[in-house]
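Below you'll find the structure, written out as structure tokens, and then a few comments.
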Amino acid sequence: MKHQGPLSMNPNIRRLEKRKRIALIAHDNKKKDLIEWAVHNKIALSKHSLVATGTTGRLVEEALDQPVTKLLSGPLGGDQQIGAMIATGDIDVVFFFFDPMEAQPHDSDVKALLRLAVAWNLPMACDRTTADFLMTSNLMKDVYEYELPNYTHYLNRKV
């Protein structure tokens, strides 16, 4: 939901600035796809702050000649680091090219990251086509405000 008019001070509204904080993640079999996509979108990505898991971050930084905040490798906790950044509002958009045909040793971390992105209502692309649609959206070029999900009913229920 985009809010018009004066910027809201409502804590239930998340504000995405023009310069988005973008998380880039790719499984080994998808790194080539992500790098090709990133090079194709080099100019657009240069307008944003990039955060990535281990090797993906190094490869993106080299390909784009743009600084990337590099976290741990996914299996060593990088997926969880990005998940924590999503929960704290420090990531605005996620591009996670994952391999649906290959079992991952850290599959529970991958699922947790995907769940957090959805739980916090973040824009997320998991394949090149969706990434193209998301990256070319006019909403990527402007300030955007949206309502955060309300999970208070989960906090108050008896287990």
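First check a/c for region 55-107, with a ≥ b ≥ c the square roots of the eigenvalues of its C-alpha gyration tensor; if it is under 1.5, answer rounded, and if not, answer prolate when a/b is larger than b/c or oblate otherwise. Note, shape of region 55-107 comes out oblate.
Over all pairs of different C-alpha atoms, the chain has a mean inverse distance whose reciprocal, the Kirkwood radius, equals 16.3 Å.
Rounded to the nearest 0.05, the FRET efficiency derived from the C-beta distance between His40 and Ala103 at R0 = 25 Å is 0.30.
Computed on the chain, with alpha-carbon pairs under 8 angstrom and 6+ residues apart, the relative contact order is 32 percent. The packing ranking, built from the mean of other Cβ atoms within 10 Å per residue, places the peptides 117-126, 88-97, 35-44 in the order 88-97, 117-126, 35-44, highest first. I'd like the FRET efficiency for Ser73 and Asn150, computed as 1/(1 + (r/R0)^6) with the beta carbon distance as r and R0 of 35 Å, rounded to 0.05. After rounding to 0.05, the efficiency reads 0.50.
Values in this text are rule-based calculations from the coordinates and carry no lab data. Computed from a predicted structure; not experimentally measured. We place every Cβ from the backbone using ideal geometry, glycine too, and count neighbours over all the protein chains shown.
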